[in-house]
Amino acid sequence: MAEPSGLIARLLRWSVVDGPGNRMVLFLQGCTFACAACHNPHTIGTCTDCGICLPACAPGALVLKNGRIAFDPTLCTHCDACLSACPIRSNPMARRMSVPEVLDALLRDRLFLDGITVSGGEATMQPKFVAALFAAIKAEPDLSHLTCLIDSNGHLGPQGWARLLPVTDGVMLDIKALDPRRHRALTGQDNVRVLASARLLAKAGKLAELRYLIIPGQTDREDEVAALVELARELGAPLRLNAFRRRGVRGAAQDWPEATRETVQAIAARLDAAGLGPVSLPVTFTR
Amino acid sequence: MSDNPFARIIRNPNLSPAQKSHALAVAAENSLPPPSLDDETRAAQDARVICDMFEGNAPYKPRYVLPDYSVLMRQGSDWLELPAPRTLDEALNVLMIAFHHVPSVTGMPVYVGQIDDLLLPFCDGVSDAELVSKLRFFWRYLDRVLPDAFLHANIGPADNRVARAVLAVDAELKQIAPNLTFRYDPGISGDAILRFCTANIIACSKPHIANHPLHRAAFDGVGYGIVSCYNALPLGGGASTLVRLNLLEVARRSADVADLLDRGLPHYVELTARLIEARVTALRASGFFQSFLVTEGWIDEARFAAMFGIFAMAEAVNHLQDSAGRKGGYGHDEGANALGLAITERLASLIAARPLAHVWRGRAMLHAQAGLSTDSGLTPGIRIPYGTEPDPVTHVQALVAQHAHFPSGVSEILTLDETVRANPEAVFRLAKGALAAGLREFTANVGDNDLVRVTGYMVKLSDIARHREGGMDRTNTTALGAEAALMTDILARRPRVVAGELQARSDG
């Protein structure tokens, strides 16, 4: 049986915002949600090799070979014109990486790392790869000090988690909205599975962080915040509030107001007052 | 007579009387002829291929002096009529007096000592609160009376009360002076004090963290100190002179890589050595080494090094890459980085093969020189050009192999996005990893700190803004920093994108 490989939108060797310490981050291509507020919308779709992006690539880094898109990173000028051209919010620059390739990258950087985070897109759409990667990290003596975290939207079902959790140190879970209809409007999906995942992960002691994106007029409403307090109390996990920013978003969300420091701090204060703090905030709102 | 250089200094409204006095002394010294040189060396200096760092035409003091202040602590000073101190107050008082008698190229001391080793013997019976309070006054004195960011204090490698008090006071006061180095040894220091240091870096871009095992191995049992812009020099000695070689100019005068390695570098290393010899000879003739600093044993002439500085490695490598039609820039491409390493290795072997009289161990010490305020378009030392640095992990790994060859100092300034404030553990891991990988010095700026490193010394961004508007500034180095900011792209040093988000660049 072939070793699973991952479809990787991007690999970062230095990230300080994807879990504790410095973490290598793999952004996996493809997502189960289609969030209006996504600031990496080009990670949502999976490339179908349609070739529409080819004319947009001035330096010729993208070509069609045997009916498949081939990407030459040495020619790429990082103009990202292909991402704008893609009609399905995909990324023709995504590349396949095998587990040994990722291990090599980790071994090279091991002295600088506290761990690895798989993000996306939605990392759990590639569960075989993630499980094989994390298992290989745990089995490699020079890497066993690294923590393995998943950044997830929670859409994965219990069988998927059962495969991943034995080799996963923690999951940072996004809750986009507590009201099911609002969740569907924001993400295109129901939140029943997300809430089930949150409870499953909390029970397993693997809910490293519960993250909540504040979108003015939508997720900062009274009913949402009250429901968030209830859920946070039930789960007992560390909380992080994120603030909606227009940067990178497409479509209608480009016209949404950005979350203000006052709004974010007021919600944080409310969570604190409910005994759920300390709540992590965007660093620009804490000073 | 505004054309008269002395009159121009006297009428400069931005200088204090003391700063004018220093500038007048420099101008007077430079009215004398420089040390005599052969024609070839003189021509290379006139063409700015080699440079004496504007140390002055008639050297009468070494560039850097690192007194072994422990001599003073043990025996006091006959010359200064000071008995050996017995209490912490007396020790601090004796040091404050001593600093005024320690020259350097700037006219102010560049080294105020291994503070924890010096003060720990006097701290029995002194509470932590008293210690912090006394050090606070000491630190304030240094910044206000000796306001020069080249002035450097050292602590470590042991985790001790004085080192901790120094770090606490330094983060609290956020002063330009003194600059501060913690000498880190993974076998001695422990993670707790390293975390203290990295938290301070987030607060005020200090301390600078030196790789103690690497430095210790490059010196001897008496030890070493880090001074000025991360120069590692023998304790109880210093550097007679620092002469530097512009690697871009050597590359321009070479046909290709092979010609650079086989002819260009040997030729210009020889000329640089001749300039060093001329300056060392002139310094010795000045009578400096008859000073009480020598007779009382604070310094020893035999412990004065000659620093062989290089800079513009990035431009040299990129020039050679372009000439050969090779893609791949310095700091980003493995081939370009390997070329940088080959140049450094060649320099190190040439310097090791060139004897020099009257310098420490009979050879110059290779140094990655951190820049002058007038270096427009040229990158200090072996650094990656400002604004083009990769992420810090890639950055360190691109250059670390070269660090083994710079015994008298090499530094990269890693610029970290302010998001790191919420995650100090990342700075700790980066520092620990970089030092374990063999980085000789770990130095970082955190985005939006007012206090930042310019080429190696500290300035406050708010002071530079005031200086540009024509205000007077009480520190010597702010004027240099303002000049550096205008002449070079130093403040364009880009905070690296550390946010783990994939930003579609089409959003503008």
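Which whole number gives the average count of other chain Cβ atoms within 10 Å of the Cβ atoms across peptide B:422-432?
Values: counts 10, 12, 2, 6, 12, 3, 3, 11, 7, 1, 2.
Partner-chain Cβ atoms within 10 Å, mean over residues of B:422-432: 6.
Say R0 is 35 Å: what FRET efficiency, to the nearest 0.05, do B:S31 and B:V145 get from their beta-carbon distance? Kindly include the intermediate steps, with their values, before the conclusion.
Numbers: r = 29 Å, r/R0 = 0.84.
Result of the calculation: an efficiency of 0.75.
Amide H neighbours of B:G371 under 5 Å, counting only residues 5+ apart in sequence or on other chains, H built in-plane at 1.01 Å?
Correct list: B:G381.
Among B:356-366, A:124-134, how do they line up by average Cβ neighbours within 10 Å per residue, starting with the highest? Present the calculation step by step, with values, prior to reporting the outcome.
Working: B:356-366: 19.1, A:124-134: 21.7.
My ranking of the peptides, most packed first, is A:124-134, B:356-366.
Based on alpha-carbon centroids, what's the gap between segment A:172-204 and segment B:132-179 in Å, whole number please?
Between the Cα centre of segment A:172-204 and that of segment B:132-179, the gap is 51 Å.
Per DSSP H run of at least 4 residues, take -39500 (n - 2.57); add these up for chain B, divide by its residues and hand me the 222 nm value, nearest 500 deg cm²/dmol.
Values: 19 runs with 209 residues, N = 508.
Calculated at 222 nm, the ellipticity per residue is -12500 deg cm²/dmol.
Given H placed 1.01 Å from N in the peptide plane, which residues other than close sequence neighbours of B:L414 have an amide H under 5 Å from its amide H?
HN-HN under 5 Å from B:L414: B:T443, B:A444, B:N445.
Once R0 is set to 41 Å, what does the formula 1/(1 + (r/R0)^6) return for the Cβ-Cβ distance between B:M96 and B:T281, expressed as a FRET efficiency to the nearest 0.05? All intermediate terms of the calculation are to be shown ahead of the outcome.
Working: r = 34 Å, r/R0 = 0.84.
After rounding, the FRET efficiency stands at 0.75.
Interface size between chain A and chain B, please: total buried accessible area, 1.4 Å probe, rounded to the nearest 100 Å². Show your work: numbers first, answer last.
Values: alone 13800 and 19750 Å², together 30540 Å².
The contact between B and A buries close to 3000 Å².
Give the dimensionless ratio obtained when the Cα radius of gyration of segment A:3-130 is divided by 2.2 N^0.38 Å.
On the way: Rg = 15.0 Å, N = 128, 2.2 N^0.38 = 13.9 Å.
Taking the Cα Rg and dividing by 2.2 N^0.38 Å, one obtains 1.08.
Which percent of the Cα-Cα distances in chain B go past 39 Å? Walk me through the intermediate numbers first.
Values: 26883 of 128778 pairs.
Summing the P(r) tail past 39 Å for chain B gives 21 percent.
Give me the angle, in degrees from 0 to 90, between the Cα long axis of helix A:261-273 and the longest principal axis of the Cα atoms of chain A, rounded to the nearest 10.
60
Taking beta carbons within 10 Å but only from partner chains, what does the mean come to for residues B:435-446?
Across the residues of B:435-446, the mean count of other-chain Cβ atoms within 10 Å is 1.
Per residue of segment B:370-377, what does 6.51 cos²θ - 1.76 cosθ + 1.60 with θ = phi - 60° give for ³J(HN,Hα)? Whole Hz please, x for Gly and Pro, Karplus curve as stated.
8, x, 10, 5, 9, 7, 6, x
Per residue, how much accessible area does segment B:253-380 show when a 1.4 Å probe rolls over the protein heavy atoms, in square angstrom?
Values: 4780 Å² over 128 residues.
Heavy-atom accessible area per residue stands at 37 Å².
Given a cut-off of under 8 Å on Cα pairs at least six residues apart, what relative contact order in percent is computed for segment A:1-149?
33
In cubic angstrom, how much convex hull volume per residue do the alpha carbon atoms of the protein assembly as shown span? Can you show the working numbers first?
Working: hull volume 148.6 nm³, N = 795.
It is 187 Å³ per residue.
Could you tell me whether segment A:168-287 comes out rounded, prolate or oblate from its Cα gyration tensor? Rule is a ≥ b ≥ c as square roots of the eigenvalues, rounded for a/c under 1.5, then prolate if a/b exceeds b/c, otherwise oblate. If you can, show how the numbers build up before the last one.
On the way: a/c = 1.60, a/b = 1.20, b/c = 1.34.
Since a/c reaches 1.5 but b/c is at least a/b, the shape of segment A:168-287 is classed as oblate.
What shape does segment B:171-303 take by its C-alpha gyration tensor, where a ≥ b ≥ c are the square roots of the eigenvalues and a/c under 1.5 counts as rounded, a/b above b/c as prolate, and the rest as oblate? It would help to have the intermediate numbers written out before the result.
Numbers: a/c = 2.21, a/b = 1.32, b/c = 1.67.
It comes out oblate by the Cα gyration axes.
Along its three principal axes, how long is chain A when you only count alpha carbons? Whole Å, largest extent first please.
Per principal axis, max minus min of the Cα coordinates gives 58, 47, 37 Å.
Over the whole of B:387-400, what's the average partner chain Cβ count within 10 Å per residue? Rounded to a whole number, please.
Going residue by residue through B:387-400 and averaging, the value is 3.
If you place +1 on the Cβ of every Lys and Arg and -1 on the Cβ of every Asp and Glu, how big does the dipole about the Cα centre of chain B come out, in debye to the nearest 20?
Values: 48 positive and 57 negative charges, 46 e Å.
It comes to approximately 220 debye.
Considering only C-alpha atoms, what is the centroid distance from segment B:332-363 to segment B:54-123, in Å?
After rounding, the separation between the Cα centres reads 33 Å.
What number comes out for accessible area per residue over segment B:1-77 if the probe is 1.4 Å? Units Å², please. Each step should come with its number before you reach the end.
Details: 4010 Å² over 77 residues.
About 52 Å² of surface per residue is accessible.
When a/c is below 1.5 the answer is rounded, else prolate if a/b is larger than b/c, else oblate, so apply that to segment B:76-179 with a ≥ b ≥ c taken from the square roots of the Cα gyration tensor eigenvalues. Display every interim value, and only then the final one.
On the way: a/c = 1.76, a/b = 1.10, b/c = 1.60.
Note, shape of segment B:76-179 comes out oblate.
Counting only DSSP beta bridges with both residues in chain A, tell me the antiparallel percent, nearest 5. Don't skip to the answer; put the middle values down first.
Working: 12 of 37 bridges.
Expressed as a percentage, antiparallel bridges in chain A total about 30.
Order A:251-259, A:151-159 from most to least packed using the mean count of other Cβ atoms within 10 Å. Write out the running numbers ahead of the final one.
Working: A:251-259: 13.8, A:151-159: 20.1.
Result, highest mean first: A:151-159, A:251-259.
With a 1.4 Å probe and all protein chains left in place, how much of the accessible area of segment A:225-279 comes from carbon and sulfur atoms, in whole percent? Mind showing how you got there, number by number?
Working: 1380 of 2780 Å².
After summing per-atom areas, the C and S share lands at 50 percent.
In whole percent, and with a 1.4 Å probe on the protein chains, what portion of the accessible area of segment B:33-111 is carbon and sulfur? Write down the numbers at each step before the final one.
Values: 1850 of 3480 Å².
Carbon and sulfur: 53 percent of the exposed surface of segment B:33-111.
Report ³J(HN,Hα) in whole Hz for each residue of segment B:213-222, in order, from the Karplus equation J = 6.51 cos²θ - 1.76 cosθ + 1.60 where θ = phi - 60°; Gly and Pro get x.
x, 5, 5, 4, 5, 7, 10, 10, x, 5
May I ask you to evaluate 6.51 cos²θ - 1.76 cosθ + 1.60, the Karplus curve with θ = phi - 60°, for each residue of segment B:408-421 and list the ³J(HN,Hα) values in order in whole Hz, giving x for glycine and proline?
9, x, 7, 8, 10, 9, 8, 9, 10, 4, 5, 4, 5, 4
Once R0 is set to 45 Å, what does the formula 1/(1 + (r/R0)^6) return for the Cβ-Cβ distance between A:T48 and B:R48, expressed as a FRET efficiency to the nearest 0.05? Don't jump to the answer; show the numbers that get you there.
Details: r = 59 Å, r/R0 = 1.30.
Once rounded, the FRET efficiency stands at 0.15.
Helix-only mean residue ellipticity at 222 nm, chain A, DSSP H runs n ≥ 4 weighted -39,500 (n - 2.57), per residue, nearest 500. What is it?
Values: 8 runs with 83 residues, N = 287.
The per-residue figure over chain A is -8500 deg cm²/dmol.
Which residues' amide hydrogens lie under 5 Å from the amide hydrogen of B:G225, considering only partners 5 or more residues apart or on another chain, with H built in the peptide plane?
B:L233, B:L235
Of the options A:W256, B:A302, B:F442, report the single residue whose Cα projects farthest towards the positive end of the charge dipole of the protein assembly as shown (beta-carbon charges: Lys, Arg +1; Asp, Glu -1).
The Cα lying farthest towards the positive end belongs to A:W256.
Just the projected area, averaged over all directions, of the convex hull on the alpha carbon atoms of segment A:151-224: how many nm²?
Values: hull surface 19.1 nm².
For the Cα atoms of segment A:151-224, the hull's average projected area reads 4.8 nm².
The values are calculated or read from the model by the stated rules, or taken from the named source; none is laboratory data. Computed from a predicted structure; not experimentally measured. Cβ coordinates were reconstructed from backbone atoms using ideal geometry, including for glycine residues, and neighbour counts include every protein chain displayed. The area values use the complete protein model at the heavy-atom level, side chains included, leaving out ligands, DNA and RNA. Shrake-Rupley method; radii C 1.70, N 1.55, O 1.52, S 1.80 Å.
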